[in-house]
Amino acid sequence: MVRPDSNKNKGHTERVEAQARSWAVYLHSGDATADKLAEFEAWLAADADHAIAYHDYEQIMMDLGMPCGAPEGAQSGPSEPAFLTDSAPKRSSFTFRSLTGGVMAAAFALAATVGVSLYERPVPDAGFQTVDLPAIETRIAEIRDVELPDGTVVTLGAKSRIDYKFEDGLRTVVLEEGEAYFDVAPDKAHPFYVQAGDRLIRVVGTQFDVRQSSASVMVAVVEGVVEVMKAQDPEATEKRHDTVAKDVLTAGDKVTATIGETQRLIETIDPEKAASWRTGWLAYEDVSLDDIIADLHRYDDRNFVFSDAELRHVRVTAAFGAEDVDQFLYALEASYPLSVDRSDPSKVIFLPAS
């Protein structure tokens, strides 16, 4: 997990405090709009530090006798909170472990004050009470490290989204889109499930990578033992775990399962090279160009178009940096029977070789 140095921590803290101050002034001004309330809710849910900082500053305002209205000279709207921009770091990290009793209580009190809906987000704690956290998602080209309440660390790939909950004795993550690498905290009493497409991945503590596309689910094991099953209900599956058909994978195993079918391909890989995307390196071996382009949509905001559907099936072996997509396109054009039209800055068109 990436740990920022002390200077970056200081900068992060000052930025969050400035954002919290601006939000507190704005939300108590009496001029808050529905759009800004939605923006505030998103900011609050993005990081536990945001709720802490906001509560602290609101308390200062109340202690000074300023529960309503802005201090003299304050701006009429939040200036700092516009932090979700292209200039934000491509890799970030945060933890939900600190979002415990007092902080969550403050968040609920805050929600009541400004009309923000935070219901059904119970307190995560070491006792594994019911937990249902807000969805976590990344933008194009962003990679984020997230520490879940049970100690599991998830590296969330670019343009990906997960939900997490602890319920009925099970730790469950739903990978709604994209890719994620899991370093699961060992806990035999509480199995960890990842739901992706129509597959369930079950572990009790291990490291593995999961990628979901529109047509398939890929699981690659780096360490430990992973079970992959064609099922979608973790609770029902756990109750009949011993009788459910499953692929049992160990370090160096990779399975690619077709969604909607029982068909799957099991291969052997180098576990040290699995999930190389975590370091910004995209590597493919005998993979369809269609699958590679599906990945590139998460790192490059251009529209990739096939002028001939047959080009989707071209098998490609390649490795390149996630920031070097154009270099990959030049190499692709030089090595395979196709051409690439990049004349439109917003579009990449694949054409048969002339």
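Observations
- When residues of the stretch 229-264 are limited to those that are out of contact with any helix residue (DSSP H, G or I) (no Cβ under 6 Å at 6 or more places or on another chain) and among the small types (Gly, Ala, Ser), the one least open to solvent (accessible area, probe 1.4 Å): ALA257
- Taken over the stretch 290-306, the residue count meeting the criterion of being more than 22 Å from the chain's Cα centre (by Cα) and modelled with pLDDT under 95 is 1.
- Looking only at the stretch 189-204, residues that are open to solvent by 40 Å² or more (accessible area, probe 1.4 Å) and free of Cβ contacts under 8 Å to residues at least 24 places away in the same chain come to 2 in all.
- The set of residues in the stretch 205-228 that are more than 15 Å from THR268 (Cβ to Cβ), surrounded by fewer than 24 Cβ atoms within 10 Å (Cβ to Cβ) and among the β-branched types (Val, Ile, Thr) comprises THR206, VAL225.
- Residue match in the stretch 174-185 (condition: under 21 Å from GLU272 (Cα atoms), touching a helix residue (DSSP H, G or I) at 6+ places or on another chain (Cβ under 8 Å) and crowded, with 22+ Cβ neighbours inside 10 Å): yes
- Failed condition for ARG278, given (1) farther than 28 Å from GLY252 by Cα; (2) assigned to a helix (DSSP H, G or I); (3) of a type in the set (D, E, K, R): (1)
- Of all residues in the stretch 217-244, those that are of a type in the set (D, E, K, R) have Cβ atoms under 6 Å from Cβ atoms of residues that are open to solvent by 30 Å² or more (accessible area, probe 1.4 Å), 6 or more apart or on another chain, in GLU223/GLN207; GLU223/ALA251; GLU227/ARG202; GLU227/LYS246; GLU227/VAL248; GLU235/ASP168.
- Residues being at pLDDT 95 or above and either β-branched (Val, Ile, Thr) or open to solvent by 90 Å² or more (accessible area, probe 1.4 Å) (or both) - total across the stretch 331-342: 1
- Of all residues making up the stretch 291-304, the number that are more than 21 Å from THR258 (Cβ to Cβ) and open to solvent by less than 50 Å² (accessible area, probe 1.4 Å): 5
The values are calculated or read from the model by the stated rules, or taken from the named source; none is laboratory data. Source: prediction; values computed, not measured. Every residue, glycine among them, receives a Cβ derived from its backbone with ideal geometry; neighbour counts consider all protein chains shown. The area values use the complete protein model at the heavy-atom level, side chains included, leaving out ligands, DNA and RNA. Shrake-Rupley method; radii C 1.70, N 1.55, O 1.52, S 1.80 Å.
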